[in-house]
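Heads up: the structure comes next, in structure tokens.
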Amino acid sequence: SQTIHQWPATLVQPVGSPLSLECTVEGTSNPNLYWYRQAAGRGLQLLFYSVGIGQISSEVPQNLSASRPQDRQFILSSKKLLLSDSGFYLCACQGFLEETQYFGPGTRLLVL
Amino acid sequence: EDQVTQSPEALRLQEGESSSLNCSYTVSGLRGLFWYRQDPGKGPEFLFTLYSAGEEKEKERLKATLTKKESFLHITAPKPEDSATYLCAVHSVQGAQKLVFGQGTRLTINP
């Protein structure tokens, strides 16, 4: 079975600072990878997804970007954080030819 | 556009009081409907996948059912540890590799 790692678990950053969140996956090859954001008490908003190395699809225009430098590594970045970037960021993995997405433990980001 | 609506937004029950959560969906063609459980501060935990109308799946005190327009998550004789937010999501034929999530139902079971 697959295991999804995210770090850091919690992050407090000032407005205008850069961001790098990392997600790594074990136990599967050639997965689809996803970044979601969840605002407090709300549903999941899909930010980016990737079906392979270097292949990134963006779902919402914003100051965030994503990269997939390796098969099982997915990175969420920003050059300058906004207050509105605060939230709970979740990485998800869908195994090759599988239907189900499995989620990591999440990173709570607070921008002050 | 694919849409998922969950109701109620919040539900408070006494221990042992059975109830159901609703997930209504509109999709171009359903490939799968997913139920997740999410505890505060944690990532969603996969519960069930349903693929076709009439399908049912069970796990402990939970049973998920599916029709052509909605899914129900039935909770029988719940315990306080069943308290969580329950999320519903759909994967449509035209949705590529993406899921569309509902806003969730926050369930509280009082002892």
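The values are calculated or read from the model by the stated rules, or taken from the named source; none is laboratory data. Keep in mind that what you see is a predicted model, and the values were worked out from it rather than measured. Note that each Cβ is placed from the backbone with ideal geometry, even for glycine, and that neighbours are counted across all protein chains shown. All accessible areas refer to the heavy atoms of the entire protein, side chains included, with ligands and DNA or RNA removed. Shrake-Rupley method; radii C 1.70, N 1.55, O 1.52, S 1.80 Å.
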Any idea how many residues of the stretch B:69-111 are open to solvent by less than 10 Å² (accessible area, probe 1.4 Å), polar (S, T, N, Q) and within 14 Å of chain A (Cβ to nearest Cβ)? 2
The condition of being among the aliphatic types (A, V, I, L, M), closer than 15 Å to residue B:103 by Cα and buried (at least 18 other Cβ atoms within 10 Å of the Cβ) holds, among B:21, B:62, B:50, B:30, only for B:21
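In the stretch A:80-112, how many are within 14 Å of another protein chain (Cβ to nearest Cβ), of a type outside the set (Ser, Thr, Tyr), more than 19 Å from residue A:51 (Cβ to Cβ) and part of a strand (DSSP E or B)?
We begin by selecting, within the stretch A:80-112, every residue within 14 Å of another protein chain (Cβ to nearest Cβ); these are A:87-110.
Still in the list and also of a type outside the set (Ser, Thr, Tyr): A:87-88, A:90-99, A:101, A:103-106, A:108-110.
Next cut, more than 19 Å from residue A:51 (Cβ to Cβ) only: A:87-88, A:105-106, A:108-110.
With part of a strand (DSSP E or B) added as a condition, the list becomes A:87-88, A:108-110.
Matching residues across the stretch A:80-112 total 5.
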Considering only residues that are farther than 19 Å from residue A:102 by Cβ and within 14 Å of chain B (Cβ to nearest Cβ), which ones fall in the stretch A:17-56? A:39, A:40, A:41, A:42, A:55, A:56
